[in-house]
Each structure stands twice: as C-alpha cells, then as structure tokens.
Amino acid sequence: MVTLAVLALVTGGRAQLQYGFYKGKCNASDVEAVVQNIVKARFATEAPLVAYLLRLQFHECAVNGCDGGLLIDGPGTEKTAPPNLSVKAYDLIAAIKAQLEKKCPGVVSCSDIEILATRDAVALAGGPAYPVRTGRRDRRRSSASDVKLPGADYTAAQTTTYFSRLGLTPYETVVLLGAHTVGATHCSVIKSRLYSYGGKPGATDPSMDPALASVYKKYVCPNVTSSDGNAVFLDDQWTAVKVDNHYYRNLQLHRGVLSCDQNLYTDGSTRSFVDQLANDGSTFLTQFAKVLVKLSEVNVLTGTQGEIRKVCNKFN
C-alpha cells in the first residue's frame, strides 16, 4: 500500500499532460513563444536567471508537486518557509502571467509558466532545448509547514533517499544535483566545513581541497560574522552561469562547495555516476533534460482539478 501511495504521488496527472497543450487555446498567440520571448529578454540582462529558475522549479515541485504553491503570498505560505526566503524570479513569473492574461484570460496556469520558463532559461544558458508537456493546474494550497527540503550537509544516502520520494533513482538524483553547475550559496552555509567540521572548533572538512579551503578562509569567507552573506559560487566563477558538466569535474577534484555535493563523490554508491557525468558532457546534458522533465511532472493537477489563477501570487 505504501508503494502504491508513493507511485500515485509521483505519477498523478501525468497521463493528462500533453505536448502543445495550449495550441489553439490562446486566440492567435503561441503560449510557449510568449514565455520564451520574455525569458530571453530577461536573460540578456540577468544571466543568473537560469540558477534562479532551476531553484524555483525544484523548491516548487519538491513540495506537494508542481502546483504553483510556492508563488502564493501571505503569512504561513510556502514562500515564507526559511529555505524559500532566498528564492528569486517571482517577478518574472508574474510578468509572464500578466502578458498571457492579456492575450487569453484564465487559460495558462502559473505552474505551467514555471516549468516553461525554466526550460527556456536552461537552453539559453547552454543547456539542452527539451520539450515539456503542459496542462498543469494550480493547487489551492500553500503552507510553510509542508516545506521539507534536503539539507546542504546531507550525506549521499540522505540525499538519494530524499529524492527517491520524488520518484528519482540515485543516478537521476546525481544528475539533478548537476543544477549546481549554476548559481551560488553564502558563506554562512559552508562555514561549518571550514571552521568547525564535525563539531570540532577549527576543524576543516578533509574532503575539501586544502587549496580551495585556504582561498575561502582568506578571501571569501573569513571567520567573522560580517562575511556570512558573502556569495560563494557553486561552480567556478567563469562557468557559474553556464549549464555544463564542470560541476562534476570539481567534485572529482574535491572542490565541491556544499557537503551534499562533495558527498556524492566521497560515497562509493554514487561516485561512479559522478565520474560518468564528469567524463561525458553530452550525456549530462541529455540526462539533465530527462530528469528536469521527470521532476516537472511530480504530483501535478490536471483536468478540472485545482484552478487557473488570475494572478500567480494569490488564489482566485
């Protein structure tokens, strides 16, 4: 019974999603082209957009499925949960929704906009251009208490267990974490690796390249409170806005920024996956597209379920 319940969570609604769902439903407008054009214009002036949208999609779909719940404003909503306080790109989703409402009111869901926008940003950042099925509807639920996301210090076992609840295999989990090829974190998140590893004052995580740790300690994240908010790129700065497999090469060199990332290489159960993806960039891009699509179809609402919001940050 447990297995059947999990399967229902992961696959619910998939059968009703369709390629080109909005074709002919938005008067003379091509919904996917409208989304793409707005994302392209924003990306031209804000390259980190791809990192914002990948994070938005994950934080959305990992909590009750891809249902637009993260977009809702108000006290006690998903948006107010601590892990979501630094999520960005809400304004982009709102701008796309406003444009589509002018062209065909009440037709395009906010949850579909999230998935389409992420897809387009990934392609603009050098990643694969991949088709996605649409037809999602928006859920009338958004609760901070539902937000349970993986921690930055997770072991490989904890990480793969978490993602198995979303229907991902260990290999697919390693592929999905390749999203950390773009974006950044903050010094406050990694200071325990630098200055108090294992709860020991002054101890540095031995799995981190000593040269990298030295640079962080001296220049990026000195052990003072004022450095907590300093940005730390999850990949090397020169490739931090490009979707590629460089992230995995850094793990081979023990240069993973987050413990949960480096642990994928330290643990024998996932190390071979890292090696494969590090050594074959084209395989990473192909598999990354497949995993993003799979994530985008977790527990979606379709048909007459939920609603099509008029604006994305509040229920109808």
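Modelled spin-label separation between Thr283 and Arg165, with each label point placed 7 Å from Cα along the Cα-to-Cβ direction: 3.0 nm. Pairs from the table (Lys103/Lys242; Lys88/Lys294; Lys242/Lys310; Lys191/Lys242; Lys242/Lys294; Lys217/Lys242) lying more than 29 angstrom apart at Cα are Lys103/Lys242; Lys242/Lys310. The angle between the Cα long axis of helix 110-124 and the longest principal axis of the Cα atoms of the chain comes to about 50 degrees, rounded to the nearest 10.
Excluding ligands, DNA and RNA, the accessible surface per residue across the chain is 44 Å² with a 1.4 Å probe.
The Cα trace of the stretch 31-148 gives Rg and Dmax of 13.6, 38 Å, the first to one decimal, the second as a whole number. Charged side chains reduced to their Cβ positions (Lys and Arg at +1, Asp and Glu at -1) give the stretch 30-158 a dipole of some 180 debye around its Cα centre. Dividing the summed helix terms, -39500 (n - 2.57) for each DSSP H run of n ≥ 4, by the number of residues in the chain produces a 222 nm estimate of -13000 deg cm²/dmol to the nearest 500.
Computed over every Cα-Cα pair of the stretch 90-199 and binned at 5 Å starting from 0, the pair-distance distribution P(r) comes out as 2, 8, 12, 16, 19, 19, 11, 7, 4, 1, 1, 0 percent. Across the chain, the mean sequence separation of Cα contacts (distance under 8 Å, 6 or more residues apart), normalised by length, yields a relative contact order of 28 percent. Compared with the alpha-carbon gap, the fully stretched path from Lys217 to Glu101 is longer by 36.8 nm at 0.36 nm per residue. Take the Kirkwood radius over Cα pairs of the stretch 15-71, plug it into Stokes-Einstein at 10 °C and 1.306 mPa s, and you get 118 µm²/s for translational diffusion.
Pairwise over distinct Cα atoms, reciprocal of the mean inverse distance: report the Kirkwood radius of the chain in Å, one decimal place.
20.2 Å
Note: relative contact order over the stretch 156-294, using C-alpha pairs below 8 Å and six or more positions apart, is 30 percent.
Look at the dipole of the chain built from charges on Cβ: of Ser196, Leu285, Ala81, the Cα furthest out on the positive end belongs to Ala81.
Only the Cβ atoms of Lys and Arg (+1) and of Asp and Glu (-1) were treated as charged; on that basis the dipole of the chain about its Cα centre amounts to roughly 620 debye.
Using all pairs of distinct alpha-carbon atoms, the Kirkwood hydrodynamic radius of the stretch 156-294 works out to 15.4 angstrom.
For the stretch 31-148, the relative contact order works out to 38 percent when only alpha carbon pairs closer than 8 Å and six or more residues apart are counted. Return the single residue from Val175, Val232, Val122 with maximal mean-square fluctuation; model: Gaussian network over the chain, springs between Cα atoms under 10 Å. Fluctuation is largest for Val232.
Explain nothing, just the number: dipole magnitude of the stretch 159-316 about its Cα centre with +1 on each Lys and Arg Cβ and -1 on each Asp and Glu Cβ, in debye rounded to the nearest 20. Numbers along the way, then the final one.
Working: 15 positive and 13 negative charges, 86 e Å.
Here the size comes out at about 420 debye.
The values are calculated or read from the model by the stated rules, or taken from the named source; none is laboratory data. This one's a predicted model, so the numbers in the text were calculated from it and none came from an experiment. Note that we place each Cβ from the backbone using ideal geometry, even for glycine, and neighbour counts take in every protein chain shown. Just the protein is used for accessible areas: all its heavy atoms, side chains included, with ligands, DNA and RNA removed. Shrake-Rupley method; radii C 1.70, N 1.55, O 1.52, S 1.80 Å.
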